[in-house]
Every structure is written in C-alpha cells, then in structure tokens.
Amino acid sequence: MKHLIILNGKAGQEKDIEAFKKEIEEVFKGLEHEIYLTTGPRSVIPFLKEYFKKNSKDTVRVYACGGDGTVHEVANGLVGIKNAELAVYAVGTGNDFVKSYAKSKDYDEIITNKAGENRFKDFKALIEGKAEEIDLSKLTSPSLKEPMYSINVINFGFDAIVGAMGNYYKEHGYPEKAKAKGMTPYDYALKNDAMKHGRFNDITVYADGERLNEKKMLLATLAQGRFVGGTFLCAPKSDNKDGLIDVCVIKTMTLIGLGLFIGPYTKGKHLDKPKKKIAYRQAKVVKFESPNEIDVCVDGEMIKGKTFEVEVCPKAIKFVVPNN
C-alpha cells in the first residue's frame, strides 16, 4: 500500500507546515509515501486525477489533513478511483464529517478512543484503520460546469445565507461598530441579513418526486453525514451506507418559533416528534428550485444557482475508519 498525504498549503503558514512535514516523515518512515501541498481552492482535484493515472494498480491511502473543506475537495478528487482510500486527519475548526463516527452519544467535537485520544488526529490509528465503502451525494446544476460531490451535508436557506454573506463580509469588511461589539463576519451576517430576510426563502424541494413544501421555507439539509455548522446535529438518522439521502426541510417560522427551534435542532431532537413545520424524508433523488438565484452550501463550499438535482451515489468511495 502507498500513502499520499495532502496538506493545505495556505500562504503564511510555511513554518507550521515544515514542522508538520517532519512529524509526518517520522510517522511514515519505512512506508512508501508522498506529501502534496495544495496550491489553492480545488487544486487537489486535478492533481489527484493525474496522480492516479500514474498509480492505477496499488492501493493508495490518501490522507486529507485539514478541515471539512479539505475533506470535501479530496473526496471529489477520488470519485471513480477504485484503488483509492480516503483517510481524514482532522485539524479543522468544525470537523463536522468525522463527528458522524463519534462513539459518544454526546458527539464530542474531539472524536476519541477509549484512552481519550482523538482517533482522527492519530496517523498510526489511520494507518492501521480499515476502509469501508460509503455513499456520496452528487449535485448537478446548469450553474455548474461539472458535478459536485458531497460527503457530508448540502444545505440551503437561512444558514447558507449566513455562510455566503459571512464570506462576503470577511473579504470586503463590515461596520466597525459591529467589530467593537465582538461580532465576527458571520455574526454580522446572521443579524444583518439572515434574520431580516433569510426566514422566507422561495425554494421548492422535491424528494423522489414528492413536493415537500407548498410555501416558503426556512432552511433545508440533504445529508450523508450528521453535523453541519460545527454545532448542529442536523441529520441524527443519517447513515452514509444505506444508499439514501436524508432530507429535512424546515418551513418558515416566526422569530419566536426560530428561537425555540434552535435548541432541539442543535441537539438533533427536532425529528423526535412529528411537527407541521418539518418535512423529513429519505430519498434517492432530490430536486430543488427557486425563481431567484440562491446560495447553496456543499460541505462548506458556497455555490449559486436556481435549479439543482442531487442523487445518491452508493458506495462511491472508500473511507478509512481509524483503529481504536
């Protein structure tokens, strides 16, 4: 087996990267391995396609070292490659995807083993781990040049507006008064944008042909994983080996209703009892559309468009579950 370690080569982190590379070299001593530093957004995808043209026989375990964005990009680069295995060395902020593999019912942010060690931040546990086939969600749209694959969650509506506008304010700036109050770009986007006009989204969702909402909606998630936004257990029933997409549409609600909803949604309790404001299905094909261009978040990556189709891709890639 070969080992390919993918590092997020962000500018300004050269010292940290060099120290990390020394650590990697020590761990993989005696094993056939290679380290690749990404050069920009989605640069790893064409690299992986070319790499596996030259390495099409031996099994290659690919380690995505980073957060959910890195995992998303590496997963997209491995679709259709039969001799590839994806391992995640989780050093991101939220690490949403790997939380689906938590042993604790509390879904601790640090996914630990019996000794209290983070299994997804232990190269030895990943080297000794076993690969299993998991599903992905394939998203297509006239606004995309090529399909995009989701390993975790596709979400749109209220929280996608926060993400898109938060990114905008992070790049272009936002009022100094808000900064003085300790608000992040995403806090400001929540208050200034999502709260004002993010509760009434003119988006219609269909699950295997069934229309799930007649009126405007608050938000929706199409999940293979369970967590989104670093905190929210949006899809507590999701199983990325069942050949289905977990679909949850939250219909629009008052500010008071939203305030009451956040707690159960964070803990994954929102599906415990049937509610008029929630439409939950498991489907193989999901379509959603809007008369206006909307923001869609795919494993944290923001895209835009009006019409989208998402279909499940059973056993699309091999994922390494670390050894305990």
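Before moving on, here are some points about what is shown:
- Given (1) surrounded by fewer than 17 Cβ atoms within 10 Å (Cβ to Cβ); (2) touching a helix residue (DSSP H, G or I) at 6+ places or on another chain (Cβ under 9 Å), number of the condition residue 263 does not satisfy: (2)
- The requirement of being under 30 Å from residue 48 (Cα atoms), in contact with a helix residue (DSSP H, G or I) (Cβ under 9 Å, 6 or more places away or on another chain) and assigned to a loop (DSSP other than H, G, I, E, B) is fulfilled somewhere in the range 294-302, by at least one residue.
- Test result for residue 93, among the β-branched types (Val, Ile, Thr), under 14 Å from the mean Cα position of the chain (by Cα) and farther than 16 Å from residue 298 by Cα: yes
- Here 173, 225 are screened, and the one residue that is under 24 Å from the mean Cα position of the chain (by Cα) and modelled with pLDDT of 95 or more is 225.
- The range 1-66 holds strands (runs of 3 or more DSSP E) entirely within its bounds, and those carrying 1 or more residues that are more than 23 Å from residue 131 (Cβ to Cβ) map to 33-37.
- Strands (runs of 3 or more DSSP E) contained in the range 147-214 and holding at least 3 residues not polar (S, T, N, Q): 153-157, 204-207
- Condition check for residue 195: surrounded by 15 or more Cβ atoms within 10 Å (Cβ to Cβ), outside the structural domain of residue 78 (by TED's automatic domain parsing) and over 20 Å from residue 292 (Cα atoms): no
- Number of residues in the range 73-103 that are part of a helix (DSSP H, G or I), in contact with a Gly (Cβ under 7 Å, 6 or more places away or on another chain) and crowded, with 23+ Cβ neighbours inside 10 Å: the value is 1.
- Restricting attention to the range 107-138, the residues that are aliphatic (A, V, I, L, M), surrounded by fewer than 17 Cβ atoms within 10 Å (Cβ to Cβ) and at pLDDT 95 or above add up to 1.
- Some residue of the range 8-22 being among the hydrophobic types (A, V, I, L, M, F, W, C) and either assigned by TED's automatic domain parsing to the domain that holds residue 224 or in contact (Cβ under 8 Å) with a residue 60 or more places away in the chain (or both): no
- Residues (surrounded by 14 or more Cβ atoms within 10 Å (Cβ to Cβ) and out of contact with any helix residue (DSSP H, G or I) (no Cβ under 7 Å at 6 or more places or on another chain)) located in the range 149-178: 150, 153, 154, 155, 156, 157, 159, 160, 163, 164, 167, 168
- Residue ID - surrounded by the most Cβ atoms within 10 Å (Cβ to Cβ), chosen from residues in the range 35-72 that are of a type in the set (Asp, Glu) and modelled with pLDDT under 95: 68
The values are calculated or read from the model by the stated rules, or taken from the named source; none is laboratory data. All of these numbers come straight from a predicted model, not from anything done at the bench. Ideal geometry is used to build each Cβ from the backbone, glycine not excepted, and the neighbour counts take in all protein chains shown.
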